[in-house]
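Trainee: First the structure, then my questions, so here it is.
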Amino acid sequence: MERNIPEISVIVPVYNVEQYLAECISSILSQTFTDFELLLVDDGSPDRCGEICDEYAGKDKRVRVFHQENAGLSCARNKGLEHASGTYIAFVDSDDYVTSTYLQELYASLPADKSQRGTVICGFDKLFPDGSLHTVHVPQQTILPMDCSRVLAELVGKYVMYAWAKLYDNRLIKEYGIRFVPAVSGLEDMLFMLDYLPYSDYLLIRDTSTYIYRVGYSMAVDTN
């Protein structure tokens with residue numbers, strides 16, 4: 001029996017985040033937009049993350065889990081891309097979480113003409129260790145291919161250096177074999193975007209904040 005093809009594949013690379021993983025997964029499964037699959041990639045995590053992933057997969061058929069030897073963040077995301085069947089791709093880091101409208105806001109921002117292929121970017125909230133939130137606003141605009149030089153000049157290092165809070169078109173990713181560079185750490189998100197942008201019909205930036213980025217945890221604990 002064939003699986004229904006979801007509209008969105010959500011990819012979560014998982015490593016050493018036992019404390020935060022349940023909140024991350026639960027926030028994704030609580031989306032108002034329901035036509036998605038959730039791919040959890042356990043990158044050889046030394047804690048209970050693998051077990052937690054399997055527990056959620058046993059309770060929700062939208063969840064698929066992949067276990068692999070520790071190979072790093074880029075390889076974990078690439079494993080998700082290898083198995084993603086959705087038309088669109090969204091990433092969430094496993095120590096972060098999203099509001100219930102994360103996927104809905106991204107999907108609603110897509111052009112009416114679904115034959116066009118590009119990227120939607122939204123803002124996000126920074127969650128600090130003291131519990132305070134700071135919203136990162138992005139300049140709402142539509143950027144077409146002829147303006148790619150403006151993307152490089154104005155946005156790299158500001159709004160496109162992260163993989164999350166975006167909706168990518170999996171048709172482009174598959175057609176051109178776009179992947180994260182395994183040997184690179186710290187710039188892998190930017191390199192992925194720079195590989196992806198030349199094939200895009202548009203880059204839509206929308207000033208909505210539905211992604212909560214936990215500041216400080218990954219840098220201090222996750223050496224993945």
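Trainee: For segment 1-88, give the percent of accessible area contributed by carbon and sulfur heavy atoms, probe 1.4 Å, rounded to a whole number.
Mentor: 46
Trainee: Straight-line reach from K166: which lysines have a Cα under 22 Å away, not including same-chain ones fewer than 8 places off?
Mentor: K79, K114, K126, K158, K174
Trainee: Leaving ligands, DNA and RNA out of it, rank E37, E7 by accessible area with a 1.4 Å probe, largest first.
Mentor: My answer, sorted largest first, is E7, E37.
Trainee: OK, next. Round to the nearest 0.05 the FRET efficiency obtained for A71 and S115 when R0 = 35 Å and r is the Cβ-Cβ distance.
Mentor: In this case the efficiency is close to 0.50.
Trainee: Which value results for Rg/Rh of segment 61-130 when Rg is the Cα radius of gyration and Rh the Kirkwood radius based on the inverse mean 1/r?
Mentor: Using only Cα positions, Rg/Rh for segment 61-130 is 0.99.
Trainee: Right, something else. Accessible area per residue of segment 1-76 at 1.4 Å probe, in Å²?
Mentor: Averaged over the residues of segment 1-76, the accessible area is 48 Å².
Trainee: Can you give me the Rg/Rh ratio for the chain, using Cα atoms for both radii and the Kirkwood formula for Rh?
Mentor: With Rh from the inverse mean 1/r over Cα pairs, Rg/Rh is 0.93.
Trainee: What longest region of the chain stays clear of trypsin sites (Lys or Arg not before Pro) that DSSP places outside H, G, I, E and B and that have at most 13 other Cβ atoms within 10 Å?
Mentor: 159-224
The values are calculated or read from the model by the stated rules, or taken from the named source; none is laboratory data. Because the structure is a prediction, the values reported are computed rather than measured. All Cβ positions, even for glycine, are placed from backbone atoms using ideal geometry, and neighbour counts span all protein chains on display. When the accessible area is computed, the model is the full protein with side chains, heavy atoms only, and any ligands, DNA or RNA have been set aside. Shrake-Rupley method; radii C 1.70, N 1.55, O 1.52, S 1.80 Å.
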